2 protein chains.
Amino acid sequence: MHILITGGGGFIGQKLARALAAQGRLRGAEISKLVLTDLGEPAAIEAPFEVVRLASDLSDGSSRETLFADHGPFDVIFHLAAVVSGAAEADFDLGIRVNLFGTLGLFEAARAQGNAPVVVYASSMAVHGGMAPDPIVDGVELNPQTSYGAQKAMGELLLTDMSRKGFLDGRGLRLPTVSIRPGKPNAAASSFMSSIFRDTMQGNLSNCPVDESYELWHTAPRTVIRNFIHAAEMDGGALGENRCINLPGRCDSIGAMIAAMTAVAGPEPATRITWDRDPVIEAIVNGWRGRVTLGRAIDLGFVADDSFEDSVRWFLEDDIAR
Amino acid sequence: MHILITGGGGFIGQKLARALAAQGRLRGAEISKLVLTDLGEPAAIEAPFEVVRLASDLSDGSSRETLFADHGPFDVIFHLAAVVSGAAEADFDLGIRVNLFGTLGLFEAARAQGNAPVVVYASSMAVHGGMAPDPIVDGVELNPQTSYGAQKAMGELLLTDMSRKGFLDGRGLRLPTVSIRPGKPNAAASSFMSSIFRDTMQGNLSNCPVDESYELWHTAPRTVIRNFIHAAEMDGGALGENRCINLPGRCDSIGAMIAAMTAVAGPEPATRITWDRDPVIEAIVNGWRGRVTLGRAIDLGFVADDSFEDSVRWFLEDDIAR
Ligand SMILES: NC(=O)c1ccc[n+]([C@@H]2O[C@H](COP(=O)([O-])OP(=O)(O)OC[C@H]3O[C@@H](n4cnc5c(N)ncnc54)[C@H](O)[C@@H]3O)[C@@H](O)[C@H]2O)c1
Ligand SMILES: NC(=O)c1ccc[n+]([C@@H]2O[C@H](COP(=O)([O-])OP(=O)(O)OC[C@H]3O[C@@H](n4cnc5c(N)ncnc54)[C@H](O)[C@@H]3O)[C@@H](O)[C@H]2O)c1
């Protein structure tokens, strides 16, 4: 079992790699090699199998060729590399190059292997918005209101069509905002949705650029990693004629999430939140949807979060402790 | 008023050019130049304004550059060039090159003009299918079951996103099958949906590869041309946050359409239809949807067909007479 993770140096890529290392197996077979690629060389992972860490630009055709020639073929590919929401909105051409062309190039490389590999694709709930009902239910028209969301939706169409053609065996997951994200703020417009918890629990100030009534659709890192692994394990055919689904999540207001943090970590962190509105961030995140109906994904065995209190506890256990 | 029609040598492109010539004006201004491009040089059009006819491959970057450098900027662009359904299904890479990259390249050239031109984009009802309800209503998730449909849907996402960004002023129309199409059969899987009327009324045999109970969503050439012009004339902002709509059409079974032909043109043509099933064609067209609810497009001033009898009459007047 040879596995590739693009964006393997990123937040989810690193957590996924550690989870794979911990279980040692995938799809009923022992993992023998895991390749992590990212723009810079991904951090090391302790694992009972070979781990290759490569700096490689996914949007560059010759880098992709080298990657597959030197390290392919892969049985399972997790495609996580992306220019995230804030950056893709600021630089349309960069988003197109990486999120659209990079994704197509990766899927073409997977197709060229000839083994129709399992491809788990990280889409985003940012594919929803605009003229779609509230709450979002399964089967509504994707109407992204960011370039990031539009590019993710284009990748979904490619994934489903190339699966239908038998080129690959795709599974597309529309991720809720994953919170609490450890480490540094990033270029995602949703960055504050982790910072206001992560940074304040670690004694630092953090700004919330939206009102506390803002509602978001979110999931914990532990939950999303379980769901990524389930997506790789399941029978792709069970997804039917549309390989992409809304992952389960929870809807909470920023205010309710702060209350959950206070319940778990005490009253101090919340006092470190500043409240300066940012119209650029607001314009992006107001185009997203906070309310989503749980449906198809649950029937297909994906799991949902029970509370944001859990997310706070898991952050303290998994990330602060590390 | 400078206008570009890509695919200007094709069926709809030629009819649209003649309609523009007949009205002489668009969006309240006199038309001064119409550029028709296609793989081969488009046929001549009589018009009260300059008509430029160019052989130019839209999927080739330097051809696009020459087109815009020599003949741009355009105020209105009708984007009709495409690799049609049967051909895009048979050759995935060709479809991606023309329908995805060619479309993106054209939209980028329109953006580079700096004047946010009106872009009317020919999408297709083939964006619908798979896990979508029957009948199709406005707002259901696009779930194309052909590569052609997937590529058209990707173009829709680009059009809406680039309109949101202010790069262009897009209007995307999901065309029903346009019948009766004059001329020769083409590589569209829907080709027979015109041939069995067109060819038999002209004394020739024609094969119907599906059962006569097959239901299709169709519109007449006259209707679709009216709707293309309305799309260019209307305020793009009225489309809201999703620039793409299901055009109105009619649902009839092949059997009912044959009866309509018989009512207008007598019993002879129907006797020239042969009935050899074709599993390749069936696989494609069974992925399409015949039943669609009229909705948003009607509210926005687009028009629907009253009967297939009209379509037969208009074919005799517009195409046989020519
Ligand atoms: N974390 C979330 O809340 C969230 C929500 C929805 C969707 N997603 C999606 O999940 C995936 C992983 O998210 P994450 O939170 O780990 O993001 P991340 O930013 O931590 O990781 C993405 C990685 O992709 C890499 N990358 C960017 N361009 C690249 C290129 N040209 N070549 C190679 N690598 C490149 C980045 O360097 C980064 O390490 C992304 O596709 C993201 O869009 C995440
Ligand atoms: N006619 C229908 O029933 C129908 C239904 C749904 C959608 N559409 C769409 O409407 C548009 C026009 O349809 P039509 O029936 O006139 O089709 P058509 O085939 O008659 O015209 C399309 C034209 O595009 C040209 N073309 C193809 N590749 C090209 C390239 N690389 N560069 C430049 N030109 C290229 C072809 O030569 C052709 O003349 C198409 O986009 C089609 O997909 C048509």
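The values are calculated or read from the model by the stated rules, or taken from the named source; none is laboratory data. Everything numeric in this text was worked out from a predicted model, so none of it was measured. Note that we place each Cβ from the backbone using ideal geometry, even for glycine, and neighbour counts take in every protein chain shown. The accessibility values were calculated without ligands, DNA or RNA, using every heavy atom of the protein model including side chains. Shrake-Rupley method; radii C 1.70, N 1.55, O 1.52, S 1.80 Å.
In table form, for the structure just shown:
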| quantity | calculated |
| --- | --- |
| Average partner coverage of A:156-168, which counts Cβ from other chains inside 10 Å | 5 |
| Per-residue HN-Hα couplings for region B:81-89 [Karplus 6.51, -1.76, 1.60; θ = phi - 60°; Hz; x = Gly/Pro] | 5, 6, 7, 7, 3, x, 5, 5, 6 |
| At least 20 Å along the helix axis (C-alpha) and Kyte average at least -0.5, DSSP helices within chain B | B:147-164 |
| Set of lysines with alpha-carbon distance to B:LYS152 below 16 Å, sequence-local pairs under 8 removed | A:LYS152 |
| Set of aspartates and glutamates with alpha-carbon distance to B:LYS15 below 16 Å, sequence-local pairs under 8 removed | B:ASP38, B:GLU41, B:GLU46, B:GLU317, B:ASP318, B:ASP319 |
| Carbon/sulfur fraction of accessible area - region A:10-82, other protein chains in place, 1.4 Å, % | 45 |
| Mean ellipticity per residue at 222 nm, deg cm²/dmol - from DSSP H runs of n ≥ 4 across the protein assembly as shown, formula -39500 (n - 2.57) | -10500 deg cm²/dmol |
| Copy-to-copy label separations for B:ALA21, where each label sits 7 Å from Cα toward Cβ, in nm and ascending | 7.1 |
| Residues whose placed amide H lies under 5 Å from that of A:ILE136, excluding near-sequence neighbours | A:ARG291, A:VAL292, A:THR293 |
| Qualifying trypsin sites (Lys or Arg not before Pro) for region B:1-90 [loop in DSSP, other Cβ within 10 Å: at most 15] | B:ARG27 |
| Residues with amide H under 5 Å from that of A:ASP252, placed H, sequence gap 5 or more | A:LEU216, A:HIS218 |
| Cβ-vector label at 7 Å, B:PRO73, separations to other copies in nm | 5.1 |
| Cα gyration tensor shape of region B:218-257, rounded if a/c is under 1.5, else prolate or oblate by comparing a/b with b/c | oblate |
| Contact order normalised by residue count of chain B, Cα under 8 Å, 6+ apart, percent | 17 |
| Pseudo-label separations to other copies for B:SER32 - Cα-to-Cβ vector, 7 Å, nm | 7.0 |
| Derived scalar couplings ³J(HN,Hα) [region A:51-56; Karplus, 6.51 cos²θ - 1.76 cosθ + 1.60; whole Hz; x for Gly, Pro] | 10, 9, 10, 10, 8, 7 |
| Under DSSP loop assignment and at most 16 Cβ neighbours within 10 Å, longest GluC sites (Glu not before Pro)-free interval of chain B | B:47-211 |
| Vicinal HN-Hα couplings computed from phi for region B:120-133 (Karplus, 6.51 cos²θ - 1.76 cosθ + 1.60; Hz; Gly/Pro x) | 9, 10, 7, 8, 8, 5, 5, 5, 9, x, x, 8, 10, x |
| Shielded by partner chains, region A:118-148 residues - at least 50 Å² of accessible area, 1.4 Å probe, vs chain alone | A:MET131, A:GLY139, A:GLU141, A:GLN145 |
| Total accessible surface hidden between A and B, rounded to 100 Å², 1.4 Å probe | 3200 |
| Amide H within-cut-off set for B:ARG53, under 5 Å, with H built and near neighbours excluded | B:LEU36 |
| Region B:225-268-region B:64-134 distance, computed between alpha-carbon centres (Å) | 20 |
| Relative contact order %, region A:121-184, counting alpha carbon pairs below 8 Å whose residues are six or more apart | 40 |
